[in-house]
Amino acid sequence: MSECIFCKIIAGEIPSQKVYENEYVYAFRDISPQAPVHILVVPKEHVESVANLSAENSYMVAKCFEAIAEVAKSEGLVEGFRVITNSGKAAGQTVFHLHFHLLGGKIMGESLI
Ligand code: DGP
């Protein structure tokens, strides 16, 4: 059985506040929100981070971004939103299953792009 927290969330072994799901993608509210809307969008297939993407598995990034566009709309983020992914410890990645932070519901500063 996988020891990955996000694999367990996707499998329903750890509870989460699901906001979206399809064949490829699962999206749920971050446990420690950094903005009024803070949703994690993750591919169902386990890959550690952007550093582990290749021509074989990069389709999952497109699937995640298609989901992000839908979720941003359903969350009412019409004024804009930010998408962040951390790749590796030095970037602040703490869960080693590729994920995109969808942040919105407040005016974002210009720091850190
Ligand atoms: P990162 O630092 O980019 O690896 O982000 C990991 C995020 O995952 C962090 O914002 C907190 C969130 N997180 C960690 N464990 C859980 C959990 O069990 N449930 C939920 N909903 N979020 C979690």
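Just so it is clear, none of the values below were taken in a lab; they were calculated from the coordinates. Keep in mind that what you see is a predicted model, and the values were worked out from it rather than measured. Quick reminder, even Gly has a Cβ in these numbers, built from the backbone with ideal geometry, and neighbours come from all protein chains shown.
How many residues are within 20 Å of Lys18 (Cα to Cα) and away from the ligand (no atom under 16 Å from the Cβ) if we restrict to the stretch 68-102?
7
If the Cβ limit is 8 Å and pairs must be 6+ apart or interchain, which residue in the stretch 91-113 that is among the aromatic types (Phe, Trp, Tyr) pairs with which residue that is surrounded by 12 or more Cβ atoms within 10 Å (Cβ to Cβ) and not in a loop (DSSP other than H, G, I, E, B)?
If the second residue must be surrounded by 12 or more Cβ atoms within 10 Å (Cβ to Cβ) and not in a loop (DSSP other than H, G, I, E, B), the pairs left are Phe100/Leu40; Phe100/Val41; Phe100/Val42; Phe100/Cys64; Phe100/Phe65; Phe100/Ile68; Phe100/Val83; Phe100/Ile84.
Could you list all residues from the stretch 38-47 that are over 14 Å from Leu102 (Cβ atoms) and either in contact with a His (Cβ under 7 Å, 6 or more places away or on another chain) or within 10 Å of the ligand (Cβ to nearest atom) (or both)?
Within the stretch 38-47, His46 is the sole residue that qualifies.
If a residue must be within 11 Å of the ligand (Cβ to nearest atom), surrounded by fewer than 16 Cβ atoms within 10 Å (Cβ to Cβ) and within 18 Å of His101 (Cα to Cα), how many such residues does the stretch 9-28 contain?
2
Residue under question is Ser32, and the condition is that it be touching a helix residue (DSSP H, G or I) at 6+ places or on another chain (Cβ under 7 Å) and not aliphatic (A, V, I, L, M); does it hold?
Details: touching a helix residue (DSSP H, G or I) at 6+ places or on another chain (Cβ under 7 Å): no; not aliphatic (A, V, I, L, M): yes.
Against the criterion (touching a helix residue (DSSP H, G or I) at 6+ places or on another chain (Cβ under 7 Å) and not aliphatic (A, V, I, L, M)), Ser32 does not qualify.
Is it the case, given these coordinates, that Ala35 is over 21 Å from Glu3 (Cβ atoms), in a loop (DSSP other than H, G, I, E, B), aliphatic (A, V, I, L, M) and within 16 Å of the ligand (Cβ to nearest atom)?
Values: over 21 Å from Glu3 (Cβ atoms): yes; in a loop (DSSP other than H, G, I, E, B): yes; aliphatic (A, V, I, L, M): yes; within 16 Å of the ligand (Cβ to nearest atom): yes.
Yes; evaluated as a whole, the condition is true for this residue.
Just give me the residues in the stretch 6-25 being in contact with a Pro (Cβ under 8 Å, 6 or more places away or on another chain) and within 29 Å of Ile107 (Cβ to Cβ), in sequence order.
Val25
For the subset of the stretch 74-92 comprising residues that are among the polar types (S, T, N, Q) and more than 12 Å from the chain's Cα centre (by Cα), which member is surrounded by the fewest Cβ atoms within 10 Å (Cβ to Cβ)? I'd like the intermediate steps shown before the answer.
Start the filter on the stretch 74-92 by keeping residues that are among the polar types (S, T, N, Q), which leaves 74, 85-87.
Restricting the remaining residues to those that are more than 12 Å from the chain's Cα centre (by Cα) gives 74, 87.
Details: Ser74: 11, Ser87: 16.
The qualifying residue surrounded by the fewest Cβ atoms within 10 Å (Cβ to Cβ) is Ser74.
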